[in-house]
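Since the structure comes first, as structure tokens, the remarks are kept for the end.
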């Protein structure tokens, strides 16, 4: 039976980890993810888990320790934000290239500089091509649910890749919401025990592992990683189906909100999707056929499914909470527009940069985006496809 509680996103993720009871959790604090290891450390001190909790001297060390533990056959994870993720950069690629199914609880925060501790997606977007699975949450409930599902996805024998569970800094990480927690026993049964087939400390299968891959093998190693990624989308759907049977909460690769007959649509990631839903509800009451695609799984990118979901719309705005510095828009915009091009979509598409450094997204802002889309349809021309929203020019 589900238990109702009022929790911040950080505490909800920490509780999910307590229920999972991982083997090793190395950690180094950084705002706004610090509370996750802080809460978890109290579970360790109280004897509620038997996890080996390791305070380390830096974020580079926390990811290094998680990699070492995972390679040795342990279920491991760590947590970080912003510059902490940047400090892990080298190790992110090592974790993925070694096909290690460890987890990272990432609380999204703007990267320096200028120094800013609030939310945007520049940290995780910078790591989007490191070979990690990336999943994003709109609210505290989704952050908890995604973490419960994380190890089932990453440890699947057809995947075996690290997974990044992302939520928006302060907006969800520190705000308190009503959520439903699963019973400890149900989570334990759902996640199961970690039983890797091959690992460094397996005395029955000794291995020698070298750090250098010569020209004859490097490309095949990267193709091997790509093969694991090819299976992720189906595994995510299979795990979500089992999760729905247990919890009653359904998840997919993305959420389609009022998309069944939408003529105008926005595509976005994270907490601002809630604001977009409010705007859509207002517009629907006025007869405007507005809709939303909220991306849950960003890496691997479900391009074909997204293009199909947008196939009937007349105009679409792709909302990026990170700047790509390409002079053409942000990373989500590039991915969605490429998907539409390959689908030979006739939808007129624009890309907005919004919410950098934690700047608020208001319902009025989203209504203006839909007004812009309506004007684009009327004119039959997307005009300037690379735009900023809510900025003092």
Practice task
Could you tell me what percent of the DSSP beta bridges with both partners in the chain are antiparallel, to the nearest 5?
Solution key: 25 percent
Completion exercise
Dividing the helical contributions, -39500 (n - 2.57) per DSSP H run of n ≥ 4, by the residues of the chain yields a 222 nm value, nearest 500 deg cm²/dmol, of -12500 deg cm²/dmol
Practice task
Rank 341, 43, 170 by mean-square fluctuation in a GNM of the chain with C-alpha springs under 10 angstrom and give only the top-ranked residue.
Solution key: 341
Fill in the blank from the handout: Here the percent of antiparallel bridges among DSSP beta bridges lying wholly in the range 254-388, to the nearest 5, is 15 percent
Handout entry: Sorted by Cβ density within 10 Å, fewest first, the residues 267, 107
Key = 267, 107
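What FRET efficiency do you get for residue 377 and residue 304 if R0 is 30 Å and r is their Cβ-Cβ distance, rounded to the nearest 0.05?
Numbers: r = 25 Å, r/R0 = 0.82.
The computed FRET efficiency comes out at 0.75.
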Practice task
With springs connecting C-alpha atoms under 10 Å apart, model the chain as a Gaussian network and identify which of 36, 115, 376 has the largest mean-square fluctuation.
Solution key: 115
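Only counting other Cβ atoms within 10 Å, I'd like 297, 102 sorted with the fewest neighbours first. Spell out each step's value before the answer.
Working: 297 23, 102 28.
Least crowded to most crowded, the residues run 297, 102.
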Practice task
Could you list 381, 365 in order of exposure, starting from the residue whose Cβ has the fewest other Cβ atoms within 10 Å?
Solution key: 381, 365
Problem - Residue among 205, 166, 83 with the largest mean-square fluctuation in a Gaussian network model of the chain, springs linking Cα atoms under 10 Å - result: 205
Handout entry: For the range 91-139 versus the range 222-297, the gap between their alpha-carbon centres in whole angstrom
Key = 20 Å
Exercise for the section: Compute the relative contact order of the chain as a whole-number percentage, counting only Cα pairs closer than 8 Å that sit 6 or more residues apart in sequence. Expected result: 16 percent
Practice task
Could I get the Rg over Rh figure for the chain? Both from C-alpha atoms, Rh via Kirkwood, rounded to two places.
Solution key: 0.97
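Computed from the coordinates by the stated procedures, all read-outs in this text should not be read as laboratory data. All values derive from a computational prediction rather than experimental measurement. Don't worry about glycine lacking a Cβ; one is built from the backbone with ideal geometry, like all the others, and counts go over all protein chains shown.
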